[in-house]
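Novice: Quick one: this structure, given as structure tokens, is what I'll be asking you about.
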Amino acid sequence: MGELAARLRTELERYSVGEKLPSSRALVERLQVSPVTVSRAIAVLVGEGVVVSRPGAGVFRAAPRATTAAPRDFSWQEVALSAEAGQPPSRSTDASGVLAALAVPPPDVIDLNSGYLHPSLQPERALAAALARAGRRPGAWERPPVDGLTELRAWFARDIGGDIATSDVLIAAGGQSALTTALRSLVAPGAPVLVESPTYPGILAVARAAGLRPVPVPVDGDGVRTDLLADAFAATRARAFVCQPLFQNPTGAVLSPERRREVLRIARAAGAFVIEDDFARRLVHADAPALPLPLAADDPDGVVVHVRSLTKAASPSLRVSALTARGPALERLRAVQAVDSFFVPRPLQETALELVGSPAWARQLRELATALRDRRRAAATALRRTLPDSLPPQLPYGGYHLWLRLPDGRDELALTAAALRAGVAVTAGRPYFAAEAPAPHLRISYACAPGPAQVTEGVERLTRAYGETAG
């Protein structure tokens with residue numbers, strides 16, 4: 001692959017800027033190499049910025065990068081990275097929310113709790129084929145670069161979009177590991193960190209284990225309340241805000257265009273980082289409108305540290321993700337990850353690269369989009385029939401869960417226990433709040449159910465438990 005990239009790089013001199021290169025099929029036939037080898041070689045050139053790949057159109061010679069432009073100023077990060085909290089850290093690890101999400105219910109219980117795909121939704125054959133191809137690659141068991149395989153980093157850079165470069169990407173061992181690295185790298189022990197409220201319990205657990213103080217900022221149907229975000233930065237002088245702008249867990253909210261701009265503006269003014277957990281980008285439903293770009297794709301100042309994982313859309317065991325950052329922050333991330341884990345195992349990276357470079361990956365995403373849409377519709381239809389007042393006004397068109405508000409005074413823990421006895425596992429809302437919860441909630445996940453029929457049956461079992469626990 002390296003030899004092919006070098007050969008194509010030399011042949012670029014024959015083409016003018018903007019001119020189209022031969023198709024992948026033509027290169028396969030002329031050079032007598034596999035399509036995967038051609039795809040990887042082109043990915044290297046895209047990462048170097050010497051060619052541009054336009055899906056459906058082809059590959060074109062890129063314009064030379066400007067050398068006269070002023071370098072970007074990342075000096076504000078020196079303040080953010082060196083700010084001290086002024087008080088000793090208090091480390092505590094509460095893994096109850098994380099362990100609850102990882103719990104496997106008995107076989108006779110319908111799982112509406114887990115955030116991982118049911119085995120029937122995972123691309124098991126494609127993963128097996130990718131693993132086999134990866135194992136046959138020369139050097140598959142050699143030590144990888146600390147930053148990750150260049151081709152995989154280039155793929156993530158293209159997948160994120162904007163002007164993200166290969167050199168901005170660090171391969172990490174899954175989204176949870178990436179979030180841990182980001183918080184430990186960017187926030188001093190004992191310092192506050194702003195989080196959405198409600199938010200994924202894993203974020204709260206990581207922050208507290210690192211000796212940080214999570215400070216909640218409320219979320220509504222348009223994402224985080226930016227008026228309250230500005231107040232929180234002013235009150236706490238926090239240096240980081242962790243958010244999920246797309247299909248937020250647990251509410252499913254998508255950050256509105258106006259608030260996207262405000263989040264970046266407020267963070268820049270505060271000299272703070274935005275840690276963007278883009279966990280659900282590949283969990284979009286088949287009936288969804290066009291998705292907004294990640295915050296990282298519209299961030300020239302190095303404010304956003306982006307996290308993206310392959311795990312949710314593929315398999316719980318494909319723990320491969322990307323951390324994207326710029327400036328001194330990236331060096332800090334690299335150092336912390338190297339100390340913690342050295343690097344992500346090369347066979348796993350090679351498998352991920354084989355998977356996303358195959359036609360099976362696009363097919364998996366299409367089939368998954370349809371399956372998630374059907375399960376969401378089944379859950380919503382059943383809830384409208386049985387617990388209509390619990391549903392939010394706007395249902396999410398991505399992700400894998402619904403966030404239900406219960407009547408004031410309802411005991412959500414008693415309800416989840418009764419539901420389990422009735423044969424369905426659901427998630428109590430309390431662990432999603434950093435402070436006192438404003439109301440009782442439940443989260444229903446439909447990704448781990450075998451199909452829409454089981455989702456419907458699970459909601460009906462929940463409804464029976466709901467009636468039994470009425471006060």
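Readers should treat all values here as calculations from the given coordinates under stated rules, not as data from a laboratory. Given the structure is predicted, the values throughout are model-derived calculations rather than measurements. When we count neighbours, we look across all protein chains shown, and the Cβ atoms used for this are built from the backbone with ideal geometry, even at glycine.
Novice: What is the local net charge at Thr386, summed over the other residues whose Cβ is closer than 11 Å to its Cβ (Lys, Arg +1; Asp, Glu -1)?
Specialist: Here the count lands on +2.
Novice: To the nearest Å, what is the center-to-center distance of region 325-364 and region 250-302, using C-alpha atoms only?
Specialist: 21
Novice: Related question: Taking the dipole about the Cα centre of the chain, with the C-beta of Lys and Arg at +1 and of Asp and Glu at -1, give me whichever of Val219, Ala253, Leu348 is farthest to the positive side.
Specialist: Most positive-ward Cα: Leu348.
Novice: I would also like to ask the following. Can you give the relative contact order of region 312-471 as a percent, counting alpha carbon pairs under 8 Å and 6+ residues apart?
Specialist: Details: 155 pairs, mean separation 35.4, N = 160.
Dividing the mean separation by the residue count of region 312-471 yields 22 percent.
Novice: Please work out the Cα center distance from region 396-471 to region 169-192, rounded to the nearest Å.
Specialist: 30
Novice: Highest mean first, how do 303-312, 320-329 rank when packing is the count of other Cβ atoms within 10 Å averaged over residues?
Specialist: 303-312, 320-329
Novice: Something else about it: What is the antiparallel percent of DSSP beta bridges lying wholly in the chain, to the nearest 5? Numbers along the way, then the final one.
Specialist: Values: 23 of 41 bridges.
The antiparallel proportion sits near 55 percent.
Novice: Still on this structure, please answer the following. Can you tell me the Rg and the Dmax, both Å, for the Cα atoms in region 124-357?
Specialist: Expressed in Å, the Cα Rg and Dmax of region 124-357 come to 17.4, 56.
Novice: Given just the C-alpha atoms of region 1-40, how large is their convex hull per residue in cubic angstrom?
Specialist: Values: hull volume 2.7 nm³, N = 40.
So the per-residue hull volume is 67 Å³.
Novice: Quick one: which residues, 5 or more positions from Val305 or on another chain, have an amide H under 5 Å from its amide H? H modelled 1.01 Å from N in the peptide plane, none for Pro or chain starts.
Specialist: Long-range HN contacts for Val305: Val274, Ile275, Glu276.
Novice: Still on this structure: Do you know the relative contact order of region 313-403, to the nearest whole percent, from alpha carbon pairs under 8 angstrom that are 6+ apart?
Specialist: Values: 29 pairs, mean separation 20.6, N = 91.
Contact order relative to length: 23 percent.
Novice: May I pose another question? Starting from the Cα coordinates of the chain, work out the convex hull volume and express it per residue in Å³.
Specialist: Roughly 149 Å³ of hull volume per residue.
Novice: From the residues Leu12, Leu365, Gln32, which one has its Cα farthest along the dipole of the chain in the positive direction, the dipole being from +1 and -1 charges on Cβ of Lys/Arg and Asp/Glu about the Cα centre?
Specialist: Gln32
Novice: If you take every residue apart from Ala362 with its C-beta less than 13 Å away from the C-beta of Ala362, what net charge results, scoring Lys and Arg +1 and Asp and Glu -1?
Specialist: Numbers: positive: Arg282, Arg363, Arg366; negative: Asp159, Glu367.
Net of charged neighbours comes to +1.
Novice: Ok, one more. If you put +1 on each Lys and Arg Cβ and -1 on each Asp and Glu Cβ, how big is the dipole of region 2-61 around its Cα centre, in Debye rounded to 20?
Specialist: On the way: 9 positive and 6 negative charges, 26 e Å.
In debye, rounded to 20, region 2-61 gives about 120.
Novice: Would you mind ranking Trp141, Trp361 so that the residue whose beta carbon has the fewest other beta carbons within 10 Å leads the list? List each step's numbers first, then the result.
Specialist: Numbers: Trp141 11, Trp361 20.
Ordered from fewest to most neighbouring Cβ atoms within 10 Å, Trp141, Trp361 come out as Trp141, Trp361.
Novice: A follow-up question, please. Relative contact order, percent, of the chain when contacts are C-alpha pairs under 8 Å separated by at least 6 residues? Before the final figure, lay out the partial values.
Specialist: Numbers: 880 pairs, mean separation 95.8, N = 471.
Computed value for the chain: 20 percent relative contact order.
Novice: Sticking with this one: For region 236-343, give the magnitude of the charge dipole about the Cα centre (Cβ charges: +1 Lys/Arg, -1 Asp/Glu; no others), in debye to the nearest 20.
Specialist: On the way: 15 positive and 11 negative charges, 35 e Å.
It works out to roughly 160 debye.
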